[in-house]
């Protein structure tokens, strides 16, 4: 009888419980997913974009010019004015191969968007994309 007690103790000691390990791994997986989604946010500020059925997502790192409903300008997330847009784009090292994504609210007048594009052309940008929502 003494030998059987020792055998039972050895079997109990050799047992590894992996349920807490699986819970920990699932928790880490969820944390990494949430962190990666937070890093994938577009550089612009949220505005009410106009809708287009042919819009396509853009993957490259580019400059984003946001124009809000109140005609406030932001280069990526830095507030600028229409007068300082050319200087701000040159300071951001924008060149002819840079793509400027225009992220304008649908209530912004067409003339304001054209004026912003003209200032960007003076900074040397020749490629533009207009952000839309699907």
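General observations
- Any hit, the range 99-117, residues being touching a strand residue (DSSP E or B) at 6+ places or on another chain (Cβ under 7 Å), at pLDDT 85 or above and exposed (fewer than 13 other Cβ atoms within 10 Å of the Cβ): no
- When the range 108-129 is filtered for residues that are assigned to a loop (DSSP other than H, G, I, E, B) and more than 13 Å from residue 98 (Cβ to Cβ), the ones remaining, listed by number, are 108, 109.
- Taking the range 35-52 as the range and being modelled with pLDDT of 75 or more and part of a loop (DSSP other than H, G, I, E, B) as the test, the residues that pass are 48, 50, 52.
- Any hit, the range 63-76, residues being surrounded by 10 or more Cβ atoms within 10 Å (Cβ to Cβ), modelled with pLDDT under 75 and in a loop (DSSP other than H, G, I, E, B): no
- Hits in the range 77-95 (condition: more than 28 Å from residue 51 (Cα to Cα) and in a loop (DSSP other than H, G, I, E, B)): 83, 84, 92, 93, 95
- Of all residues in the range 118-134, those satisfying the criterion of being more than 14 Å from residue 49 (Cα to Cα) and surrounded by fewer than 19 Cβ atoms within 10 Å (Cβ to Cβ) are 118, 121, 122, 124, 126, 127, 128.
The values are calculated or read from the model by the stated rules, or taken from the named source; none is laboratory data. Every value quoted in this text rests on a predicted model; they were computed, and no experiment measured them. Neighbour counts are summed over all protein chains in view; Cβ atoms, including those assigned to glycine, are modelled from backbone coordinates with ideal geometry.
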